[in-house]
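Data block below; observations after.
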Amino acid sequence: MAGKGFTVKKDWDNPKVYAMPAEARVPAEMRLGPVVVAPATVLAPMAGVTDTVFRRFIRHASLFTTSAPDLDAPVTNAQSGCGLLMTEFTSADGLSRMRETKRQRYLTFYDDEHPIGAQLFGANPETLADAARIVQETGFDLVDLNLGCPAKRVVGSNGGSGLLRDLPRIEEIFRAVRKSVTIPFTVKFRLGWNDNDIVCLDLARMAEAEGLNGVALHARTREQGYSGQARWEWIARVKQSVGIPVIGNGDIRTPEDAVAMVAETGCDAVMIGRAAPANPWIFRQIAQYTATGSYERPTVDDRYRMIRAYFQMLLDEAEASKDLPKAARLGETSGKMKQFATWFTHGVAGGAKLRAAIYHARTGPEVLAQVDAFFNAQLASGVEPEAAPEDKAAAEFPEDMQECG
Ligand SMILES: Cc1cc2nc3c(=O)[nH]c(=O)nc-3n(C[C@H](O)[C@H](O)[C@H](O)COP(=O)(O)O)c2cc1C
């Protein structure tokens, strides 16, 4: 990933001194068919993470017109630093078999999430075409096919990255889905199964030939999992191989990384996954950085408000949704609170201690109490704490995030 005279440091709390080309910036917009993605930034699909609450949280947190965004205010796409939201991946088989009420649970989204894409995985062309129709009828702006997931249960049924070894099948799927919907259709894939079988260039060309509206590349092989660094040079090669928009993905942790990816690869948009729960300001920071050349960093107070706001949104959604028994909803909510608190405090001073305390919490209120105690102690001290070495080390992506895609 080195090259072109600048280096990319992958640690968000480091001083940012990069020799970035003056013209380098994340594009103001990208078009996927008729869908305008402005700015050209995309929240990556993440199973277990990018549900409707998280997506709306990110959209609101991405407001960059004030330094203290009002999480209750309506946010239009044009105001948010995040140009496109994506759902978690959904099984096409499951979707086409489910009853209407259960489908709604998987495909719920709110008006302020537009533009939003739904991601599907599966291996059967007819089932995927069917599921894509359901996605269109539900009102999504685009449908995306997952060809990247390395999880065994998905690959085992030939879905996700399993399909990377079967290009003829992918072609059939592209055709069937393309015929079944009029909304834009995109695909997200990895480089290939392994280094001996890199297929991303052929796949991108095939996507273009079959009328897809864009491609997203997570620049690692399936065998690589999440190890090593994403190989952005392949994003550049895909970009040179097709005329449809190319979305670059892999290892963006800071605004500098986002701009560097565009500068190095020429990609039309950047997609951000793991950095979003760890640093929900990332989209706002990219927008600010693009506009002004610098960006604000969160204070302890900002962090505290942000985590409280997200928890409140989770609790409100659990209260509002009727699709599960109450105990199950509360269980799910406290699980999400724990997960988020864990990710959100990676790289934060004292974060390791808080994570250990949260690990033993059993309910949402218990998680909340630990979080309150942690931030109140930090605020009472009146100084912005410096992250300890063990917390800085944790600014690497946490291992429990490395699940899919
Ligand atoms: C917890 C988790 C769940 C994921 N789930 C999906 C998924 O459902 N579909 C998908 O295409 N990729 C999935 N991915 C992969 C991300 O979309 C993204 O490609 C990957 O994390 C690399 O981007 P990043 O370096 O910005 O995180 C997942 C990643 C994580 C960490």
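The values are calculated or read from the model by the stated rules, or taken from the named source; none is laboratory data. Quick caveat, the model's predicted, so the values are computed rather than measured. Every residue, glycine as well, gets a Cβ built from its backbone with ideal geometry; the counts of neighbours run over all protein chains shown. SASA here: full protein model, heavy atoms, side chains in, ligands and nucleic acids out. Shrake-Rupley method; radii C 1.70, N 1.55, O 1.52, S 1.80 Å.
Observations
- Tally, over the stretch 250-273, of residues that are over 16 Å from the mean Cα position of the chain (by Cα) and part of a loop (DSSP other than H, G, I, E, B): 3
- Of all residues in the stretch 362-383 being within 19 Å of ALA328 (Cα to Cα) and at pLDDT below 85, the one that is surrounded by the most Cβ atoms within 10 Å (Cβ to Cβ): GLY364
- Test: residue in the stretch 114-125 that is part of a helix (DSSP H, G or I) and either in contact with a Leu (Cβ under 8 Å, 6 or more places away or on another chain) or within 16 Å of the ligand (Cβ to nearest atom) (or both): no
- Among the residues making up the stretch 16-75, a single one is more than 22 Å from ASP257 (Cβ to Cβ), among the polar types (S, T, N, Q) and modelled with pLDDT of 90 or more: THR52.
- Of all the residues in the stretch 108-137, those that are of a type outside the set (S, T, N, Q), within 17 Å of the chain's Cα centre (by Cα) and open to solvent by less than 10 Å² (accessible area, probe 1.4 Å) number 5.
- Search result, residues across the stretch 315-371 that are out of contact with any Asp or Glu (no Cβ under 7 Å at 6 or more places or on another chain) and β-branched (Val, Ile, Thr): THR333, THR342, THR345, ILE358, THR363, VAL367, VAL371
- Selection of the stretch 155-197 for residues being among the small types (Gly, Ala, Ser) and open to solvent by 10 Å² or more (accessible area, probe 1.4 Å) yields GLY156, SER157, ALA176, SER180.
- Count of residues meeting criterion [more than 12 Å from the ligand (Cβ to nearest atom), surrounded by fewer than 23 Cβ atoms within 10 Å (Cβ to Cβ) and modelled with pLDDT under 95] in the stretch 229-262: 0
- Filter pass, ARG308 being open to solvent by 50 Å² or more (accessible area, probe 1.4 Å) and not β-branched (Val, Ile, Thr): yes
- Every listed requirement among (1) part of a loop (DSSP other than H, G, I, E, B); (2) within 16 Å of the ligand (Cβ to nearest atom); (3) out of contact with any helix residue (DSSP H, G or I) (no Cβ under 8 Å at 6 or more places or on another chain) is met by ARG222 save one, (3).
Yes or no, residue by residue, for (1) within 24 Å of TRP234 (Cα to Cα); (2) in contact (Cβ under 8 Å) with a residue 24 or more places away in the chain; (3) part of a helix (DSSP H, G or I):
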position	(1), (2), (3)
ASP144	yes, yes, no
GLY162	yes, yes, yes
ARG169	yes, yes, yes
VAL177	no, yes, yes
ILE183	no, yes, no
THR186	yes, yes, no
PHE189	yes, yes, no
ASN196	yes, no, no
